[in-house]
Amino acid sequence: MRRVLKLATAGAAATLVLAACGEAPTEEDTNAAGGENAESSEAAGGGEEAGDFKACMVSDSGGFDDQSFNQSGKEGLDSSVEALGIEGVEVESQADTDYATNVSNLVSQGCSITIGVGFLLEDAIQSAAEENPDTNFALIDSAFSDADFAPVELDNAKPILFNTAEASFLAGYLAAGMTESGTVATFGGLQIPSVAVFMDGFADGIAKYNEDNADADVQLLGWDKEAQEGAFSGDFENQSQGQTLTEQFISQGADIVMPVAGPVGLGAAAAASESDGVHIIWVDSDGYLTASEYSDLMLTSVMKQIGPAVEQTVTETVEGGFSNEPYVGTLENEGVGLAPYHDFEGEVPEELTTQIDEYRDQIISGDLVIESPNSPQQ
Amino acid sequence: MTEEKRPDAGEEQSVAATPPGETGEGQGPTLREQERPSVLYQIMSGSALMSVLAVVLALLIGGLLIAFANEDTREASTYFFARPLDTLAAGWTAMTDAYVAMFRGSVFDWQAGSFAGMVKPLTESMVFAVPLILAGLGIAVGFRAGLFNIGAQGQIIVGAIVAAWLGFAFDLPVVIHLLVAILGGLIGGAVWGGIPGVLKARFGANEVIVTIMLNYIAVYLISYMLKLPSFNPGRTGQRSPAVSPDATYPLLVPQWLWPDNGFRLHWGFVVAILATVFVWWLMERSTVGFQIRAVGANPAAARTAGMSVGRITVITMVVAGALAGLAATGQVLGTERSLTAGVAASFGFDAITVALLGRSRPWGTFFAGLLFGALKAGGFLMQSLTATPIDIVLVVQSLIVLFIAAPPLVRTVFRLPDPDRRRRPRRTASTTQEATA
């Protein structure tokens, strides 16, 4: 028995050896000849520019591979690390209970700026900012508030916020114009302001369409703006919950669904792909590109440019100009926006696109104000 | 004949420590148990050495994975045959860097600026160990009674809801408020644990299925509670008001004693120690504990001996739930100090691993909880310093369980003799002797 095992091990080892052998020559050349020298000089060059600046980021429990806002945040940090030659540290949280420890660990490691991704890190970032007045912090998707939920301003912490209602208003208008069944739907991950703000704008866009077109009566499932109540999957992880919710919406006649729940939206897309003529409006990033396996379902996406906002914040801080003034992404500064229609370019009627473009201009100029109790307070 | 039998029973007790063998009653069931030992029984009868070796082996394999996950190693491995040492050196550096970071994050950080900073990692490990130890003790009590209590997660959640609510919604005098909140958490967990106990005792419902389902109910219960105006007055999201300072565990090392220590270690750790002592007393010294062990070893024999198996089942589950509820107080009254949907993290499931590693013994569970707390605390620094994926910690934990559940595998790796094989021929010898006598 032991001999058989030994033989098997030897065989396995030989296979590995041969595999490594096959690739050796070319790789060896590049690595031995130019690769290492080039690399080391690159590293040295980077080191000189970098100085001591260390930009750090903590994800929420969704992790950096969520094809949604954690990922966008990481991409922003990565590109600023590359552009500025600074050091970047990225830490993933596995549970809500990890946030405080992760943030305080990064601070004690000497991070010049620590960025928390997501509303759920508010308390961790806020208490760290209060305890360490000499380092800078930023928080994506939430402002700071005290124990009684009254807003507070911290000198060393910058909220990065997005008025996504402006963009999702346009998406709602588009959905109302494109639906064939006269019913569209939306659902969220958790009922938190940064999620509900999408749903408020979406509801307003639909209402606006019904107002503009006397014969239209498009129904919205999953969100009641007046009551601030609607459908939520309960977290940003459980895709099957998103699938179940979407199946229910479809059986109630919805043919366009906007999931506002990060990766849970993939479950919604899976449900939509099983029924004919059901489309998805993605959120946060351009779903046509990030969730490309469902690109044929993506009518459009409500984009929230977290990456560029992070990059801008880090760049400002490196160049000495940290300010605690909130960054608010709007249609005007292109912090939020509607993604291209991609495959549906030819299918969206001309007058609808013109109308949407007109409303975009009106929102930018301030003639049309999208009001939502969940919008960032400026 | 009886004289020949006795040494045999004595040996069995030392190796296997089966409760009936200990007292010498019911030889028949003991033998039957010996012939077909259940997985649970095997795990519980493993030696402490086996637990240590399982941890060592899991850390070694984890180290290999860290080495392979490291980019430098992978890059060097593509020209392995030109310079094999590059690969090995890169792998070794990756592994030692990661484990050194883990040690610095969990035990002692010699690079910290102050002595308080150096010792802080150890206190952090203890902080994370509090819920693991308490919930692990709950699971362990269940194991001893032969109950697979998978519901610690739900019991923690319900305990957390009650403890947090008592903590923020009421205004009571200083010490009393904390005690009321702790008691509330304890009762909340006990009720949630008692439900499957009663269902099993009265209607024979399988406790595994019932506890898993109750976990789901608890998860949706907490997200429902967090939408209620009283739990979420600001309507700003999934977080309750902060627990009143009167109702939080005081810090174990107060600021006036050691200024600026920055420790999060709270009196919950003392509660964990007291609970360990209590469980030891309950299981080893009390009548109820004896009955729990008897039911766990052989329900039929226990019933024959006049014990009420149903009553013991309910008691066990209530105690298990109460301990999980105490674990919840470590979170809501200790570290988090408010109720969030994720307040229970995965402590309820990690606790199962802790109880298995601790072989369901109170102090074994205590030290297993400390180890897992250290893995958790060390994982944070390992991730942020060396960019090692945090999931490695989970892999190591899972490997520990895997090795614990497969003692022959560990014995093979370390070339240890099999205690069963050595004993069996001897027993057959004694039985033949018996027969001839």
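Just a few scattered comments:
- Applying a threshold of 8 Å to beta carbon distances and a minimum spacing of six or more residues, or different chains, the list of pairs starting in region B:216-233 at a residue that is touching a residue at least 40 places away in the same chain (Cβ under 8 Å) and ending at one that is of a type in the set (Ser, Thr, Tyr) reads B:LEU226/B:SER240; B:LEU226/B:THR340; B:PHE231/B:SER240.
- Residue in region B:367-387 that is closer than 30 Å to B:TYR220 by Cα, without any contact (Cβ under 8 Å) to a residue 12 or more places away in the chain, surrounded by fewer than 24 Cβ atoms within 10 Å (Cβ to Cβ) and facing another protein chain (nearest Cβ under 10 Å) present: no
- Assessment of region B:225-241 against the conditions (under 27 Å from B:GLY142 (Cβ atoms), within 14 Å of chain A (Cβ to nearest Cβ) and either touching a His at 6+ places or on another chain (Cβ under 7 Å) or not β-branched (Val, Ile, Thr) (or both)) yields at least one matching residue.
- Applying the condition of being free of Cβ contacts under 8 Å to residues at least 60 places away in the same chain and assigned to a loop (DSSP other than H, G, I, E, B) to region A:56-73 and asking which residue is surrounded by the fewest Cβ atoms within 10 Å (Cβ to Cβ) yields A:ASP65.
- For region B:246-301, a residue qualifies if it is hydroxyl-bearing (Ser, Thr, Tyr) and either assigned to a helix (DSSP H, G or I) or closer than 23 Å to A:SER108 by Cα (or both), and the qualifying residues are B:THR276, B:THR287.
- Members of region A:142-194 found to be within 14 Å of another protein chain (Cβ to nearest Cβ) and of a type in the set (Gly, Ala, Ser), listed by number: A:SER142, A:ALA143, A:SER145, A:ALA147, A:ALA150, A:GLY188, A:GLY189, A:SER194
- Across region B:71-100, the number of residues qualifying as in contact with a helix residue (DSSP H, G or I) (Cβ under 8 Å, 6 or more places away or on another chain) and at the interface with chain A (Cβ under 10 Å from one of its Cβ atoms) comes to 11.
- Within region A:105-138, restricting attention to residues that are small (Gly, Ala, Ser) and touching a Phe, Trp or Tyr at 6+ places or on another chain (Cβ under 9 Å), the residue that is nearest to A:VAL260 (Cα to Cα) is A:GLY118.
- Taken over region B:69-86, residues that are touching a Ser or Thr at 6+ places or on another chain (Cβ under 8 Å) and hydrophobic (A, V, I, L, M, F, W, C) amount to 3.
- Note on region B:133-166: residues that are farther than 13 Å from B:SER360 by Cα and either outside any helix (DSSP H, G or I) or within 13 Å of another protein chain (Cβ to nearest Cβ) (or both) total 6.
- Among the residues of region A:282-309, those that are of a type in the set (A, V, I, L, M, F, W, C) and under 11 Å from the mean Cα position of the chain (by Cα) comprise A:TRP282, A:VAL283, A:VAL302, A:MET303, A:ILE306.
- Scan region A:274-296 for residues that are more than 20 Å from A:VAL348 (Cα to Cα) and among the small types (Gly, Ala, Ser) and the total you get is 4.
- When each of A:ASP78, A:ASP96 is tested for being within 14 Å of another protein chain (Cβ to nearest Cβ), of a type outside the set (A, V, I, L, M, F, W, C) and buried (at least 22 other Cβ atoms within 10 Å of the Cβ), the lone residue that passes is A:ASP96.
- Any strands (runs of 3 or more DSSP E) falling wholly within region A:238-308 and containing at least 2 residues that are surrounded by fewer than 24 Cβ atoms within 10 Å (Cβ to Cβ) and basic (Lys, Arg): none
- Unique residue being within 13 Å of another protein chain (Cβ to nearest Cβ), in contact with a helix residue (DSSP H, G or I) (Cβ under 8 Å, 6 or more places away or on another chain) and of a type in the set (Phe, Trp, Tyr) when the list is B:PHE68, B:PHE103: B:PHE68
- Filter pass, B:GLY334 being surrounded by 21 or more Cβ atoms within 10 Å (Cβ to Cβ), in contact (Cβ under 8 Å) with a residue 12 or more places away in the chain, out of contact with any His (no Cβ under 7 Å at 6 or more places or on another chain) and not hydrophobic (A, V, I, L, M, F, W, C): no
Bear in mind these aren't lab numbers, they're just calculated from the coordinates by the rules spelled out. Small disclaimer: the values here were computed from a predicted structure and weren't measured. Backbone-built Cβ (ideal geometry, glycine too); neighbour counts: all protein chains shown.
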